Amino acid sequence: MKKVLFVSSEVYPLIKTGGLADVCGSLPPALLELGTDVRLIMPNYQAIKTTEEIYFKSTVQVNRMDVNILETRLPGTQIVVWLVDYPMFFDFPGNPYVDEKGDPWLNSAERFALLCRVAVEVSMNRGYLDWEPDIVHCNDWQTGLVPALLSLETHRPATVFTIHNMAYQGLFPKETCGLLNIPRELWHLDGLEFNGFFSFIKGGLAYADRITTVSPTYAEEIQTAEFGYGFEGLLSHRKEDLIGIINGIDVEHWNPKADIHIAAPYDALSLAKKQLSKSALQAKVALPVDNKVPVFTLISRLVEQKGIDLILDCLPEMLTLPLQFILLGSGDKVFEQKLNDFAKQNPEKMAVTLGYDEVMAHQMEAGADVFLMPSRFEPCGLNQLYSQRYGTVPIVRKTGGLADTVCDALPETFTNKTATGFVFDDATAGALMEVIKRSVLVYGFSELWSQLQLNGMQKDYSWLRSAKEYQALYEQL
Ligand code: ADP
Ligand code: GLC
């Protein structure tokens, strides 16, 4: 049985800001089911929420700091989670990346370097936990120093680095590297140095034994200048070690048949009951309760990646169509303001909820007809998968994991029953507007529409298949 230590800055349900947490909370249980001894390590943030007991396990000294390691379980599972407890860094309100006011932590480099150093001690069985992993599986830039630091050890475990998003790299001034006492031998052009800066993500990209990303298409895209952010050369140089494995989803948590948050449970055989969730959603956001009009939704971090600017450009025309638009999100203040203004000017057609609301996300997936995901890039994307499971038809841009998981509604894909949504290519408002119109048109043909819904609902996005791919990768190491 392989022993795998998962390192992540966020894990659902303990703490979540996006899909990274969903993956780190649902892939480990799937691996455990396949017989992998998987454990997790993450920071002990003040905002962590759990009903499980948390107890003291050991103290390690890293970079002259005494750090406690606490132990708990991933809620609802037997999976051990180690929490890196250093109150001076983590015992503050806010999320893993920003403080209470929404400003990025000024000591982000220190915070995540500490996570990495403690993960290295645990990996080398120097954390007094009496457990030695065969593989250390790191996720995103916050964990990038782990493969780099482990490369300096003899008899070390193998390392895997998963890229969930190349756009976030953990880039800091060169001096930070010195301040953090990172060993000098890691500072060079093939090491942690990136254009004169100190790069956390490069620690993963340059030193991990294997690199994975969260969809096959994104694995190709990041080897090009458009998506590689300057790492395309390194990534294509390492293409033999790079593989794209599509994310799965937690099919119990995202299950319209057993979702405790929605008005009435439903499945493919009782799809008509979805209407009850639709009416409840319309009532909740104070839009006219109308079963006939298609409800479009979007749940997202409001950042450029997600194509929010394309939506804003479409809104004047989109809101003239027979549809309603319900949005839940938070992020860029300019986007928030503009979206709110549109909603205020169109109270009969559009409703905006700013903030983060897990329950409402479920209600929107259940209550909507269409889910918008016009991302400029999307390593995998999870909401288009949740949507398909809830019989909500996604509109996506043909990029990354969206291209791999949504099949465009065309005459031939209707005929062979593979159509699950609407796909557009160019990142322009014109191209997005065209698919929005196409979807409204198809919505008018209820038989075609139910076929789209059922095709999506029948797809299997459970973790099993992807977890097996990770397992096969671990076996090679
Ligand atoms: P990313 O990780 O890039 O944000 P994903 O599609 O992989 O994109 O995952 C986003 C996850 O975060 C989904 O589970 C989505 O429902 C959730 N989410 C995003 N914004 C919100 C919000 N404002 N409220 C509730 N859930 C949200
Ligand atoms: C990132 C990506 C998203 C992906 C998620 C989980 O946040 O932006 O596309 O689904 O990680 O892998």
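The values are calculated or read from the model by the stated rules, or taken from the named source; none is laboratory data. Treat the numbers as computed from the prediction; the structure is a model and nothing was measured. Because the Cβ atoms are built from the backbone with ideal geometry, glycine has one as well, and the counts that use them run over all protein chains shown.
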Residue check: is Val289 in contact (Cβ under 8 Å) with a residue 12 or more places away in the chain, among the hydrophobic types (A, V, I, L, M, F, W, C) and part of a loop (DSSP other than H, G, I, E, B)?
no
Quick check on this structure: which one of Tyr390, Tyr386 is in the same structural domain as Asp313 (by TED's automatic domain parsing), aromatic (Phe, Trp, Tyr) and more than 10 Å from ligand 1 (Cβ to nearest atom)?
Tyr390
Select from segment 61-91 the residues that are in contact with a helix residue (DSSP H, G or I) (Cβ under 7 Å, 6 or more places away or on another chain) and of a type in the set (Ser, Thr, Tyr) and list them in ascending order.
Thr77, Tyr86
Would you mention how many residues in segment 162-179 are surrounded by fewer than 18 Cβ atoms within 10 Å (Cβ to Cβ), touching a residue at least 24 places away in the same chain (Cβ under 8 Å) and either assigned to a loop (DSSP other than H, G, I, E, B) or of a type in the set (Gly, Ala, Ser) (or both)?
3
Looking for something assigned to a loop (DSSP other than H, G, I, E, B), on the phi > 0 side of the Ramachandran plot and either charged (D, E, K, R) or touching a residue at least 12 places away in the same chain (Cβ under 8 Å) (or both) - is there at least one such residue anywhere in segment 142-161?
no
Kindly indicate whether Tyr356 is under 19 Å from Val295 (Cα atoms) and within 16 Å of the chain's Cα centre (by Cα).
no
So Thr217, is it in contact (Cβ under 8 Å) with a residue 12 or more places away in the chain, within 16 Å of ligand 2 (Cβ to nearest atom), assigned to a helix (DSSP H, G or I) and not acidic (Asp, Glu):
yes
Taking segment 332-350 only, how many residues are buried (at least 19 other Cβ atoms within 10 Å of the Cβ) and within 14 Å of ligand 1 (Cβ to nearest atom)?
2
